[in-house]
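Engineer: Starting off with a structure, shown below.
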Amino acid sequence: MISRQGPGKVRTAELEAECLRLRREGLTHRAIAARLGVAPATAYRRVRHALDEINERNLEDATTLRGLEMLRLDELQNAIWQRAIDGDGKALDGILAIMARRAKLLGLDAPQRQETKVRVDPQDARFRRELLVKQVLADAMNGEADN
């Protein structure tokens, strides 16, 4: 069987692993580049690529786990569904809890941004401001008269 990993790819993978190790130790991209004899842009790209691969694996793992959790929720829901339909209060609470967990797991209850459009008539705003100033002045005058 012929390997698809030629010497160049192996060297790149080794460089990537070393760049990531040095970055984990706290070295800057410039320091990594100086230590390994590569350009700072190369050190940055190798670290970024390694982190992207890690993030992709984590995303795949999370997707797999989410699917497994959904199957478990389905099994639980199926087990108590008929009792809930028949009016069993505990079973109904269980179904509602399963539904809440499913919605959270899938992000269905995420807050939604709603835009509010408030139109303010500039003349109306000016009139209200003048009215408010007159009211404040009148209150102040009444306060002085009471003293």
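Engineer: Name every residue in region 23-66 that is of a type in the set (S, T, N, Q) and more than 28 Å from residue 102 (Cβ to Cβ), in order of residue number. Talk me through it step by step, then tell me what you get.
Structural biologist: Step one: of region 23-66, the residues of a type in the set (S, T, N, Q) are 28, 42, 55, 58, 63-64.
Residues satisfying the conditions are 28, 42.
Engineer: Which count do you get for residues in region 23-53 that are among the aliphatic types (A, V, I, L, M) and more than 19 Å from residue 10 (Cβ to Cβ)? Reasoning before the result, please.
Structural biologist: First, the residues of region 23-53 that are among the aliphatic types (A, V, I, L, M): 27, 31-34, 36, 38-39, 41, 43, 47, 50-51.
This time we only want the ones that are more than 19 Å from residue 10 (Cβ to Cβ), so: 27, 31-34, 39, 41, 51.
Total meeting the criteria: 8.
Engineer: When you go through 73, 27 one by one, which is the residue that is surrounded by 12 or more Cβ atoms within 10 Å (Cβ to Cβ), under 33 Å from the mean Cα position of the chain (by Cα) and within 30 Å of residue 94 (Cα to Cα)? So that I can check it myself, show each step before the final result.
Structural biologist: On the way: 27 fails: within 30 Å of residue 94 (Cα to Cα).
Only one candidate passes the filter, namely 73.
Engineer: Can you list the helices (runs of 4 or more DSSP H) found entirely within region 1-101 that contain at least 2 residues being touching a Leu at 6+ places or on another chain (Cβ under 8 Å) and not aliphatic (A, V, I, L, M)? Spell out the reasoning first.
Structural biologist: On the way: elements: 7-24, 29-36, 40-85.
Fully inside region 1-101 and qualifying: 7-24, 40-85.
Engineer: Return the residues of region 93-141 that are farther than 24 Å from residue 63 by Cα and in contact (Cβ under 8 Å) with a residue 12 or more places away in the chain; say none if nothing qualifies.
Structural biologist: As a first pass, look at region 93-141 and keep what is farther than 24 Å from residue 63 by Cα: 93-94, 113-141.
Listed by number, the list holds a single entry, 94.
Engineer: So is residue 17 modelled with pLDDT of 90 or more, among the hydrophobic types (A, V, I, L, M, F, W, C) and surrounded by 15 or more Cβ atoms within 10 Å (Cβ to Cβ) or not?
Structural biologist: Numbers: modelled with pLDDT of 90 or more: yes; among the hydrophobic types (A, V, I, L, M, F, W, C): yes; surrounded by 15 or more Cβ atoms within 10 Å (Cβ to Cβ): no.
It is false that residue 17 is modelled with pLDDT of 90 or more, among the hydrophobic types (A, V, I, L, M, F, W, C) and surrounded by 15 or more Cβ atoms within 10 Å (Cβ to Cβ).
Engineer: Right, something else. Do you know which residues across region 79-108 are of a type outside the set (A, V, I, L, M) and more than 23 Å from residue 67 (Cβ to Cβ)? Please lay out each step first, then the result.
Structural biologist: Here is the first cut: in region 79-108, the residues of a type outside the set (A, V, I, L, M) are 81-83, 86-90, 93-94, 101-102, 104, 107.
If the condition is that a residue be of a type outside the set (A, V, I, L, M) and more than 23 Å from residue 67 (Cβ to Cβ), then 82, 83, 86, 87, 88, 89, 90, 93 are the ones that fit.
Residue-by-condition table, conditions (1) modelled with pLDDT of 90 or more; (2) touching a Cys at 6+ places or on another chain (Cβ under 9 Å); (3) exposed (fewer than 15 other Cβ atoms within 10 Å of the Cβ):
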{"site": "6", "(1), (2), (3)": "no, no, yes"}
{"site": "13", "(1), (2), (3)": "no, no, yes"}
{"site": "34", "(1), (2), (3)": "yes, no, yes"}
{"site": "38", "(1), (2), (3)": "yes, yes, no"}
{"site": "47", "(1), (2), (3)": "yes, yes, no"}
{"site": "59", "(1), (2), (3)": "no, no, yes"}
{"site": "62", "(1), (2), (3)": "no, no, yes"}
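Engineer: Going through region 76-105 one residue at a time, which ones are surrounded by 14 or more Cβ atoms within 10 Å (Cβ to Cβ) and among the polar types (S, T, N, Q)?
Structural biologist: 77, the sole residue that qualifies.
The values are calculated or read from the model by the stated rules, or taken from the named source; none is laboratory data. Values in this document were obtained by computation on a predicted structure and should not be read as measured data. In this analysis, Cβ positions are derived from the backbone assuming ideal geometry, glycine residues included, and neighbour counts consider all displayed protein chains.
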